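For reference, the structure discussed in these notes is given below.
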Amino acid sequence: MLISVIIPALNEADSIQACLAQFDQQDDLEVLVVDGGSTDGTLGLVESSDIGRCITAPEPGRAMQMNFGAQQATGDVLLFLHADTFLPLEGLDLIRQTLVSDDVVGGRFELGLAESNIGFRLIAYMSTLRSRYLGITYGDQGIFVRREIFDSVRGYPLLLLFEDSEFCTLVARRGTFVMLPAQVRSSTRRWHKWGVARTVIWMWLLRVLFTCGVSDKTLCRWYRAVR
């Protein structure tokens, strides 16, 4: 079972080498970094690495980058991973073991964060509950899917925001979409940049507005304004 790891990147020079290093000496694995127009040397760092290869998407945008990476990938399973997210040590084995069951179409991991103070532990716990019980899954959890299922849902919707959660909803309609009993470790940089309370409140507000029908283009402008 060949797993293709697809990493969308935009100006990730500070994190891309560490992200790639987690796949060193892994078997039955293909690693693709899909660049969206980096200007900070991300491409050079990937090209100088012995792990994976870098391709440039024809247009920027995370959904476009992930779909383009899937087109270039040769794996039976596609694993979409943020450049600042790390799998648990047994992560790839868990994916393979889970997909032995034919009814499983894909899944995600529980969310873990790089810092373990009580505030970040609570955020990770609540995010995992949100994904488990509300079905709202974001890309920082690591999302994997069978190749044929990815093709059948026509990949990620070309949205500027919440493309990951909408994609997972489409995949979950095709069969069992599991949550693996292990945590990824994702960066806390967004919370540090925006402030913890502000980030949580703002992201939930955007989510509610999206559910109420506000366009992704409008929401993306507000999202960028906060950043």
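The values are calculated or read from the model by the stated rules, or taken from the named source; none is laboratory data. Because the structure is a prediction, the values reported are computed rather than measured. Note that each Cβ is placed from the backbone with ideal geometry, even for glycine, and that neighbours are counted across all protein chains shown.
Go through the range 86-135 residue by residue and tally those that are in contact (Cβ under 8 Å) with a residue 60 or more places away in the chain and either surrounded by 21 or more Cβ atoms within 10 Å (Cβ to Cβ) or within 16 Å of Val184 (Cβ to Cβ) (or both).
The qualifying residues number 22.
Given Ile95, Ile123, Ile118, which one is at pLDDT 95 or above and either over 14 Å from Ile143 (Cβ atoms) or out of contact with any helix residue (DSSP H, G or I) (no Cβ under 8 Å at 6 or more places or on another chain) (or both)?
Matching residue, one of Ile95, Ile123, Ile118: Ile95.
Say whether the condition of being part of a strand (DSSP E or B), in the same structural domain as Ala13 (by TED's automatic domain parsing) and of a type in the set (S, T, N, Q) is met by at least one residue in the range 104-117.
Among the residues of the range 104-117, not one is part of a strand (DSSP E or B), in the same structural domain as Ala13 (by TED's automatic domain parsing) and of a type in the set (S, T, N, Q), which makes the answer no.
When you go through Ile51, Ile123 one by one, which is the residue that is out of contact with any Gly (no Cβ under 9 Å at 6 or more places or on another chain), under 26 Å from Asn11 (Cα atoms) and in a loop (DSSP other than H, G, I, E, B)?
Ile51
From the list Leu205, Leu209, pick out the single residue that is more than 15 Å from the chain's Cα centre (by Cα), of a type outside the set (D, E, K, R) and surrounded by 13 or more Cβ atoms within 10 Å (Cβ to Cβ).
Step by step, each of Leu205, Leu209 is checked, and only Leu209 is more than 15 Å from the chain's Cα centre (by Cα), of a type outside the set (D, E, K, R) and surrounded by 13 or more Cβ atoms within 10 Å (Cβ to Cβ).
Any residue in the range 116-133 that is among the β-branched types (Val, Ile, Thr) and in contact with a Phe, Trp or Tyr (Cβ under 7 Å, 6 or more places away or on another chain)?
No: the range 116-133 contains no residue that is among the β-branched types (Val, Ile, Thr) and in contact with a Phe, Trp or Tyr (Cβ under 7 Å, 6 or more places away or on another chain).
I need the full set of residues from the range 30-44 which are modelled with pLDDT of 95 or more and hydrophobic (A, V, I, L, M, F, W, C), in order please.
Result: Val31, Leu32, Val33, Val34.
Any residue at all in the range 29-40 that is buried (at least 16 other Cβ atoms within 10 Å of the Cβ), in a loop (DSSP other than H, G, I, E, B) and without any contact (Cβ under 8 Å) to a residue 60 or more places away in the chain?
Yes: the range 29-40 contains one or more residues that are buried (at least 16 other Cβ atoms within 10 Å of the Cβ), in a loop (DSSP other than H, G, I, E, B) and without any contact (Cβ under 8 Å) to a residue 60 or more places away in the chain.
Somewhere in the range 191-205, is a residue at pLDDT 80 or above, on the phi < 0 side of the Ramachandran plot and in a loop (DSSP other than H, G, I, E, B)?
Looking through the range 191-205, none of the residues is at pLDDT 80 or above, on the phi < 0 side of the Ramachandran plot and in a loop (DSSP other than H, G, I, E, B).
Tell me, which residue of the range 1-28 that is part of a loop (DSSP other than H, G, I, E, B) and small (Gly, Ala, Ser) is surrounded by the most Cβ atoms within 10 Å (Cβ to Cβ)?
If we take residues in the range 1-28 being part of a loop (DSSP other than H, G, I, E, B) and small (Gly, Ala, Ser), then Ser15 is surrounded by the most Cβ atoms within 10 Å (Cβ to Cβ).
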